[in-house]
Amino acid sequence: MIRTKVDPLWFKRCCAFHLQLFPDRETVSKLCALQDGIERECDGPLLRVPAKSMHMTVVTLINAGAQFSMSNDEVWKLNGERWTGVVERLLEETPPICLSFQEVQASEAAIFVKAPEPPELRRLRSAISDAVWFEDWRPKPPRIAHVTLFRFSAEE
């Protein structure tokens, strides 16, 4: 049995800013079919991620727990336009990235599908992290490519 925990931010107001990739319709359809199969086989406390909310986080520009001299909203208002321009330029310079989600994994907080992180994605994440900063903070790029299918809703 998988030991689960509830995300401490669950049901709390949080303010974070992410660059996200939303899968195409065909991929979302396949992910929904996978969710259906997991729901049939699992009797755990699953909260299904709605199809329209499925995404892969490329990089978190401001995380919910960041500690700045001002609110995350204010940091975004001050830097968001410049950061968006930098990200758009970096995206234009990045060749298409092919992701192949091949593995279903469970963590303490979620069930997700995972793809190997290709070098192009790693370089893009690193370039964004180097370009986006505020005070003494820079985003820390994720090390995996994944799409969350379920969150756990209670401890077991």
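Some observations on this one:
- The criterion of at least 3 residues that are loosely packed, with under 15 Cβ neighbours inside 10 Å is met by the following strands (runs of 3 or more DSSP E) wholly inside region 25-135: 103-106.
- Residue count for region 131-152, restricted to those that are over 17 Å from residue 105 (Cα atoms) and either in contact with a Pro (Cβ under 7 Å, 6 or more places away or on another chain) or at pLDDT 95 or above (or both): 1
- Residue match in region 41-51 (condition: modelled with pLDDT of 95 or more and among the acidic types (Asp, Glu)): no
- Extreme residue, farthest from residue 41 (Cα to Cα), among residues of region 136-156 that are under 17 Å from the mean Cα position of the chain (by Cα) and in a loop (DSSP other than H, G, I, E, B): 138
- Within region 141-156, the only residue that satisfies the criterion of being open to solvent by 50 Å² or more (accessible area, probe 1.4 Å), in contact (Cβ under 8 Å) with a residue 60 or more places away in the chain and within 27 Å of residue 92 (Cα to Cα) is 146.
The values are calculated or read from the model by the stated rules, or taken from the named source; none is laboratory data. As the structure is a computational prediction, the values presented were derived from the model and not from experiment. Cβ atoms come from the backbone with ideal geometry, glycine included; neighbour counts cover every protein chain shown. Protein only, heavy atoms only, side chains kept; ligands, DNA and RNA dropped before computing areas. Shrake-Rupley method; radii C 1.70, N 1.55, O 1.52, S 1.80 Å.
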